[in-house]
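Read through the structure below, which is laid out as structure tokens, and then see the notes.
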Amino acid sequence: MSVRRALLRRIRVWLVVFIVCLVLSGLTAFPLVHELHWTEDLLRSSASPVPEHFPALMEWITRVRTGLDEADAKYPFVLYGTDWLAFAHLVIAVAFYGPYRDPVRNIWVIEFGMIACAGIIPLALVCGPVRGIPFWWSVIDMSFGVIGVIPLLVVHRMIKRLEALERTPDPVAGPVAAPAV
């Protein structure tokens with residue numbers, strides 16, 4: 001296998017992992033009410049040390065679950081916003097098919113993703129306090145941006161290497177033709 005093909009394969013593996021994480025994140029935004037009930041039941045089970053060792057977390061989960069229950073019962077249209085959040089994750093995941101197909105041409109999608117990951121931090125720092133979110137929960141939210149940017153940085157670096165390789169002929173495979181659109 002040529003160096004170019006091996007690099008393209010690694011880029012695609014990283015992108016598939018990133019896309020799967022975006023899709024899973026999006027899909028979990030649809031059943032929030034049920035998820036919070038399951039989470040609270042799991043954390044309150046006798047096997048869980050959470051109520052004893054992390055009472056603030058337990059109080060927060062209960063408060064969020066109560067809020068979602070009330071919104072679902074009285075104002076279900078409010079949860080429509082989380083449906084759009086889920087949809088946005090799915091649409092963004094589809095955008096990453098561009099770099100999967102042609103990484104060099106679509107590196108801008110990777111850069112867009114890195115900017116979006118960076119944007120999570122000021123959003124959490126500004127909107128968290130405005131919405132009454134505990135700081136430690138905002139830190140958890142910010143970690144998604146920090147963790148999410150890591151594979152994108154790796155992919156970005158690999159795409160730059162791929163771009164440099166495409167400028168020079170591969171001695172094994174010969175000159176590389178531009179991918180068909």
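The values are calculated or read from the model by the stated rules, or taken from the named source; none is laboratory data. Note that this is a predicted model, so its numbers are computed, not measured. Using ideal geometry, Cβ is built from the backbone for each residue, glycine included, and neighbour counts are taken over all protein chains shown. For the accessible areas, the whole protein counts, side chains as well, though only heavy atoms, and no ligand, DNA or RNA atoms are used. Shrake-Rupley method; radii C 1.70, N 1.55, O 1.52, S 1.80 Å.
Looking at Leu42, Leu85, Leu68, Leu57, just one residue is of a type outside the set (S, T, N, Q) and either farther than 21 Å from Arg131 by Cβ or outside any helix (DSSP H, G or I) (or both), and that residue is Leu42.
Of the residues Ile92, Ile110, Ile115, only one is in a helix (DSSP H, G or I), open to solvent by less than 30 Å² (accessible area, probe 1.4 Å) and within 25 Å of Met158 (Cα to Cα); which? Step through it out loud before you land on a result.
Values: Ile92 fails: open to solvent by less than 30 Å² (accessible area, probe 1.4 Å); Ile115 fails: open to solvent by less than 30 Å² (accessible area, probe 1.4 Å).
The match here is Ile110.
In the stretch 93-115, the residues that are over 15 Å from Glu163 (Cβ atoms) reach residues that are assigned to a helix (DSSP H, G or I) and of a type in the set (Lys, Arg) with C-beta atoms within less than 9 angstrom, at least six apart or across chains, in these pairs: Tyr100/Arg12. Please verify whether Leu162 is modelled with pLDDT of 95 or more, surrounded by 15 or more Cβ atoms within 10 Å (Cβ to Cβ) and touching a Gly at 6+ places or on another chain (Cβ under 9 Å), treating the condition exactly as stated. In short, no. Quick one: would you say Ile133 is farther than 15 Å from Phe18 by Cα and either among the β-branched types (Val, Ile, Thr) or open to solvent by less than 80 Å² (accessible area, probe 1.4 Å) (or both)? Criteria met by Ile133. Count of the stretch 26-80 residues, restricted to those that are without any contact (Cβ under 8 Å) to a residue 40 or more places away in the chain, aliphatic (A, V, I, L, M) and under 19 Å from Trp137 (Cβ atoms), is 10.
Among the numbered conditions (1) open to solvent by 50 Å² or more (accessible area, probe 1.4 Å); (2) within 20 Å of Val78 (Cβ to Cβ); (3) in a helix (DSSP H, G or I), the only one that Phe30 does not meet is (3). When Thr62 is tested against (1) within 18 Å of the chain's Cα centre (by Cα); (2) farther than 30 Å from Ile92 by Cβ, exactly one condition is not met: (1). Of everything in the stretch 58-83 that is farther than 17 Å from Glu35 by Cβ and not charged (D, E, K, R), the residue that is surrounded by the most Cβ atoms within 10 Å (Cβ to Cβ) is Tyr75.
Evaluating Val104 against the criteria (1) assigned to a helix (DSSP H, G or I); (2) surrounded by 15 or more Cβ atoms within 10 Å (Cβ to Cβ) leaves one unmet condition, (1).
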